[in-house]
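Reading through the structure tokens given below for one structure.
Just so it is clear, none of the values below were taken in a lab; they were calculated from the coordinates. Note that the coordinates shown come from a computational prediction; the quantities given were computed from them, not determined experimentally. Neighbour counts are summed over all protein chains in view; Cβ atoms, including those assigned to glycine, are modelled from backbone coordinates with ideal geometry.
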Amino acid sequence: MEQYRLATTTVPAQGAATDTERFPLTSMVVPARNAAPERAATVSASVSEALVAALADLGVEHAFAVFGGAIAPFCEALSRSSITLVHCRHESGAAFAAIEASLSSGRPVVVVSTAGPGATNLVTGMMAARWEGARVVFISGSTAAAQRGKWAFQDGTAAGTPHVDLYRPGTLFHHAQIVEDYRELPSVLARLRNGMARPNGFVMHLGLPVSLQVARAERAPTPTTSCIPSRQCDPSTLADCVARLSQAPFVIWAGFGARHAADEVRELAERARAMVMCSPRAKGIVSEEDPLFLGVTGLGGYGSIERHLGEVRPKHLLVLGTRLGEMTSFWDERLVPSNGFIHVDLEADVFGTAFPGVPTLGIQAEVGAFLRQLLNVWPDVSRVECRPTVRPPSRSTSAPRTFGPVRPSYLMQMIQREIVEGSPALVLTEAGNSFSFGTHYLRFAEPQRYRTSTGFGSMGHVSSGVIGAALGSRHKAVAIVGDGAMLMQNELNTAASYGIAALWIVLNDARYGMIDQGMRSLGWQPFETEFARADFVAIARGMGADGIRAEREADLAAALRLGMQAPGPFVVDVVVDPNELAPGGRRNQSLRQQGVGKA
């Protein structure tokens with residue numbers, strides 16, 4: 001049977017060339033397999049086969065799924081395609097893996113679930129995908145129209161679960177619908193093609209009734225789609241930016257949205273002699289050892305930034321691709337420059353929302369496109385220089401102590417040496433103390449090697465998402481996670497089934513560490529934070545993986561090397577000192593300001 005293929009001609013959005021150069025399937029004409037060109041085809045395929053082929057044409061390489069009867073025909077079509085199908089152990093784990101596969105590869109990724117609870121189990125992952133800016137297509141089985149409202153088994157439509165509507169576009173999805181007829185497919189695919197060209201992510205949810213999955217769809221001539229380049233900064237606004245930034249000291253605040261424009265950020269910083277600070281997700285856009293690098297803001301960040309801004313008093317901050325949310329700024333007034341922000345982002349609704357009382361010039365543009373325009377008109381000689389008055393804390397090294405459990409700070413020191421500097425592995429940190437310790441102590445010289453979720457921040461995101469990061473990057477991926485998150489959710493057994501090269505480093509303190517330390521900071525005696533210590537090596541081996549426990553600091557280096565050398569999934573179970581405070585005091589302070597804690 002002839003494969004159903006889509007040929008797509010896409011004009012990439014300016015600034016998104018990184019993805020389209022690396023993954024040309026999204027930006028070039030792809031001839032249909034074994035098909036005569038420009039022939040009105042009469043060959044038919046099932047809707048499932050047609051949709052799977054279209055997804056492959058868009059550059060999808062991986063699909064993460066939990067099967068069920070309501071989505072079985074589509075999964076069977078996937079299994080016969082060029083797309084690698086990974087059958088996970090929980091739908092939210094599949095979603096987190098898809099997010100990290102998308103972000104590490106730059107490609108769209110598919111998540112598949114059955115109807116009803118399969119789809120509702122995806123909700124947290126769906127929301128995380130939207131927050132993280134991933135390109136993810138969620139496809140779920142759906143109850144057919146004739147059975148809706150009749151108490152059909154696992155009816156997840158509005159008729160069966162009227163309190164939740166997963167098939168309506170809005171906050172959760174850029175587009176969502178139940179596809180009722182194969183003739184809707186061309187329109188659906190057009191939306192999908194256009195959405196995947198968005199440089200800041202796209203999240204779609206399609207419901208497929210079984211009757212539609214097996215329906216035959218006459219193959220139509222393959223369409224082409226052109227995407228308009230992203231909005232340019234108009235000349236008058238650009239001139240205004242140059243005037244403001246070139247006449248007085250300014251600081252660059254780089255966010256995750258600037259990750260594809262690292263070269264442009266560095267060039268502007270060097271030509272303008274501007275200092276650069278970054279959000280946690282933007283670590284490495286400018287090397288953290290560069291003399292112009294000021295530090296990381298937000299949770300796990302450096303207090304040196306506030307001291308520098310207080311002493312230098314720059315007139316403007318050039319904010320590039322960050323929402324300035326709580327985990328990035330804590331809405332700290334000490335970060336506000338005297339004359340306000342120049343804020344560049346693709347989403348206009350971020351302008352002025354985190355700091356509503358601060359003058360803000362909002363520029364809706366892709367960061368790379370804006371910076372290239374700015375650099376083209378930047379004066380040859382900058383008249384100002386924003387010299388650093390303070391530096392980020394130095395990377396102190398300490399010898400292993402001979403008593404007690406492992407200090408998390410020492411663990412980070414060993415991870416820096418053995419993994420960050422000793423390999424090209426991606427490093428991901430889980431919500432909680434792992435995030436704080438990793439952001440504060442680990443230093444990166446390149447962008448997109450460090451991943452954490454500063455927005456939605458789900459526990460279990462990294463302990464499951466690491467398998468997607470490994471598959472998407474084609475490198476070893478390392479998850480630094482707390483024992484609470486690892487017990488909540490992981491995809492160890494999935495990794496073992498597929499031989500995925502993922503490494504879990506578990507901070508095992510037999511408690512929810514961030515909650516425990518947070519309660520103490522807020523003046524409470526911790527309650528219900530401790531639990532029985534788990535043996536994660538036994539758990540890993542019981543699931544088909546392997547691992548080693550490190551109880552002393554002297555054991556760490558060898559344990560990490562063993563984990564990095566393992567060809568498949570591996571766990572390093574580190575017994576850590578619960579009394580070493582994570583650099584998360586700003587979060588506790590923020591909670592106190594919101595009314596949490598003893599009066």
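Remark: the range 516-533, residue by residue, has Karplus-estimated 3J(HN,Hα) of 4, 5, x, 4, 4, 5, 8, x, 9, 7, x, 9, 6, 9, 8, 8, 4, 5 Hz, where x stands for each Gly or Pro and the curve is 6.51 cos²θ - 1.76 cosθ + 1.60 at θ = phi - 60°.
About the centre of its Cα atoms, the range 235-377 shows a dipole size close to 220 debye [charges on the beta carbon of Lys, Arg (+1) and Asp, Glu (-1) only; nearest 20 debye]. Calculate, for residue 445 and residue 527, the FRET efficiency according to 1/(1 + (r/R0)^6) with r their C-beta to C-beta distance and R0 45 Å; round to the nearest 0.05. It comes out at approximately 0.60. Once you reduce the range 484-542 and the range 76-97 to the center of their Cα atoms, the two points are 25 Å from each other. Computed from the C-beta positions of residue 87 and residue 273 and an R0 of 41 Å, the FRET efficiency is 0.15 to the nearest 0.05. Remark: C-alpha extents of the range 235-377 on the principal axes read 37, 33, 27 Å, sorted largest to smallest. In this calculation the C-beta distance from residue 333 to residue 243 is compared with R0 = 35 Å, giving a FRET efficiency of 0.85. Taking other C-beta atoms within 10 angstrom as a stand-in for reagent exposure, 498, 302 fall in the order 498, 302, fewest first.
For the range 297-372, the mean projected area of the C-alpha convex hull, equal to one quarter of the hull surface, is 5.0 nm².
Over the range 402-467, all Cα pairs binned in 10 Å intervals from 0 give whole-percent P(r) values of 20, 50, 26, 3, listed from short to long. Rounded to the nearest 20, the size of the Cβ-charge dipole of the range 408-593 about its Cα centre is 500 debye, with Lys and Arg at +1 and Asp and Glu at -1.
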